[in-house]
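Let me begin by presenting the structure, written as structure tokens, before commenting on it.
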Amino acid sequence: MGAQSNLPATAPPFLSPQSRPYIQVNFDLLLAYLEYYYTMSFIEVKQIGPVLALTLNRPEKKNAITAEMYQLMADAIKQAESNTAIKVIVLSSTSENFTAGNDLVDFLSKKKD
């Protein structure tokens, strides 16, 4: 008995294991990666009593900061400004590299206005 396919009966022929080229993809792994990369915030925001902790969490890029990360930090600081319970803001990182600075690839890819 041949290998079973999880493809629907109406799948296009190029998705068939019998056709070439055929790429077998581990969709669970792909989805896990995409979920991690696109939904994970590279800035962890946590309030601990009167302390607002902002933690850079992008160790694979030495915590290089993107425009989105700057915006997340700015939003958190603005919210802290109106919260009288927050007395201190601490900026730290999850790795040995605090930050490499700006993510140049991210900034160079932005269109100039």
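All of the numbers you see were taken from the coordinates with simple rules; none came from a lab. None of the values given here were measured: they were computed from a predicted structure. Every residue, glycine as well, gets a Cβ built from its backbone with ideal geometry; the counts of neighbours run over all protein chains shown.
If you filter region 58-111 for GluC sites (Glu not before Pro), then keep DSSP loop positions with at most 13 other Cβ within 10 Å, what is left?
Answer in residue order: Glu96.
Cα-Cα pairs above 17 Å in region 42-113: how many percent?
46 percent
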